[in-house]
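Each remark here refers to the structure printed beneath this line.
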Amino acid sequence: MHKVINQEIKQIISAYPEVGRILEEYNIGCVPCSVGSCLLKDVVGIHNLDPEKEATLMYRIEKAIYPGRNVPKPVVDASKKSAPKKITYSPPVKKLVDEHVLIKRLLALIPSVAEYTETSMKVDKDLILRCVDFIRNYADKYHHMKEEDILFKYVDEKAEVIQIMYKDHDTGRGYVRQAVEGAEKGNKAQIKENLLAYRELLTQHIKKEDEILYPWIDRQLSTTQVGEVFQKCNAADASVGDALPRKYEKFIIELEEKFLQEVTK
C-alpha cells in the first residue's frame, strides 16, 4: 500500500475506477480533475478528514485495489458520530473567500452573456471587453495576484496542489485571450466556447480553494504568519484603493440588471 499512496491519483483511478467512486462518496473530487497528478497520500491529507473517516476511506481504497488481501477493518465507534467540520478562515483568507463572491456573480451571468452574444445580430464587442476587463483587473490582478504573490509564498509552491492552482490561473488567462480574439473578429462561437470554458474552470477552481486549499494553508500558518499575510494583503489593496472593487461591483450590478430585464421582456 505504501507504493500506491505515493502514486498519482489519476493513474490509480485509471487502473482502479472504484477508487474514484469511493473518493466521490467522501466529496473528494479527483475524478473530474483534468490534472490528477496529486499523490494519493496528499489527496487524503489535504481534505483533513477526521481520523475515523480517514481510516475507513483508506481501508476501502486498499480493498478496492487488493480485493484478495486480508485487510483489517478499522474499528469505528458508532456512538461517536462526528459532526461535519465547519470551515473557518483566518481574517486575510476570509477576505479572499469574500472576493470570490463577486467573481461567482460574474460566472453566474456568463451563460446569459453567451446566449445574448449568440442570438444578437452582431457581436456586442463592448460587452465582451467589459467582462474581460473585470476578469483581468478584478479576478486576476486584484485577487489572483494576492494568492500568487502573497498567500502561496507561505507554503511549498512546488506542492502539486499549488501547481494545479497556478495552472488553472494560466488556463483561465488563455480562455480570456481567446474570447478577446473572438470579440475582435466578431466570432460568436469562439466567444461563447471560451467564456463558458472559463466559467466551468473558475467554478471548480473557487470550490477547490474555498473548501480545500485555503483551509489547508490556514492550518499551516502560525499566528505571526497570519498577521504578515493580513498586512501584505491590506497593503496590496491600498495600492489600488477602494475605487477598484467599487467599480467592478457596480459593473456586476449593471450586468445583473441588464440580463434580468432581458429575461422579463
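The values are calculated or read from the model by the stated rules, or taken from the named source; none is laboratory data. Note that this is a predicted model, so its numbers are computed, not measured. Counting neighbours? That spans all protein chains shown, and the Cβs are built from the backbone with ideal geometry, glycine included.
Structure notes:
- The range 205-235 - residue that is without any contact (Cβ under 8 Å) to a residue 60 or more places away in the chain and hydroxyl-bearing (Ser, Thr, Tyr) and, of those, nearest to ASP168 (Cα to Cα): SER222
Each row is one residue, and each column tells you yes or no for (1) assigned to a loop (DSSP other than H, G, I, E, B); (2) farther than 29 Å from ALA238 by Cα; (3) among the charged types (D, E, K, R).
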position: ILE87; (1), (2), (3): yes, no, no
position: VAL97; (1), (2), (3): no, no, no
position: LEU106; (1), (2), (3): no, no, no
position: SER112; (1), (2), (3): no, yes, no
position: MET121; (1), (2), (3): yes, yes, no
position: CYS131; (1), (2), (3): no, no, no
position: ASP140; (1), (2), (3): no, no, yes
position: HIS169; (1), (2), (3): no, no, no
position: ARG177; (1), (2), (3): no, no, yes
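- The set of residues in the range 238-251 that are part of a helix (DSSP H, G or I) and free of Cβ contacts under 8 Å to residues at least 24 places away in the same chain comprises ALA238, SER239, ALA243, ARG246, LYS247, LYS250.
- Residues being surrounded by 15 or more Cβ atoms within 10 Å (Cβ to Cβ) and over 18 Å from TYR142 (Cβ atoms) - total across the range 168-184: 7
- Near pairs, Cβ below 9 angstrom, 6+ apart or cross-chain, from the range 46-67 (acidic (Asp, Glu)) to any residue that is part of a helix (DSSP H, G or I): GLU54/VAL44; GLU54/GLY45; GLU62/VAL4
- Across the range 195-212, the qualifying residues are those that are of a type in the set (Lys, Arg) and at pLDDT 90 or above, and the one among them that is surrounded by the most Cβ atoms within 10 Å (Cβ to Cβ) is ARG199.
- Some residue of the range 78-87 being at pLDDT below 95, within 17 Å of the chain's Cα centre (by Cα) and over 21 Å from ARG173 (Cβ atoms): yes
- Per-region count, the range 108-128, residues of a type in the set (Ser, Thr, Tyr), surrounded by 13 or more Cβ atoms within 10 Å (Cβ to Cβ) and over 17 Å from ARG199 (Cα atoms): 0
- Tally, over the range 82-130, of residues that are closer than 28 Å to ASN48 by Cα and acidic (Asp, Glu): 2
- Residue selected from the range 34-77 under the condition modelled with pLDDT of 75 or more and of a type in the set (Ser, Thr, Tyr), by the criterion farthest from the chain's Cα centre (by Cα): TYR66
- Options HIS169, HIS143; residue that is touching a His at 6+ places or on another chain (Cβ under 6 Å) and within 28 Å of PRO215 (Cβ to Cβ): HIS169
Matching residues to (1) surrounded by fewer than 18 Cβ atoms within 10 Å (Cβ to Cβ); (2) in the same structural domain as VAL155 (by TED's automatic domain parsing); (3) charged (D, E, K, R); (4) more than 19 Å from TYR138 (Cβ to Cβ):
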site	(1), (2), (3), (4)
TYR214	no, yes, no, no
LEU221	no, yes, no, yes
GLY227	yes, yes, no, yes
PHE230	yes, yes, no, yes
ASP237	yes, yes, yes, no
LYS250	yes, yes, yes, no
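- The range 154-166, residues that are over 15 Å from TYR214 (Cβ atoms) and either at pLDDT 95 or above or not in a helix (DSSP H, G or I) (or both): ASP156, GLU157, LYS158
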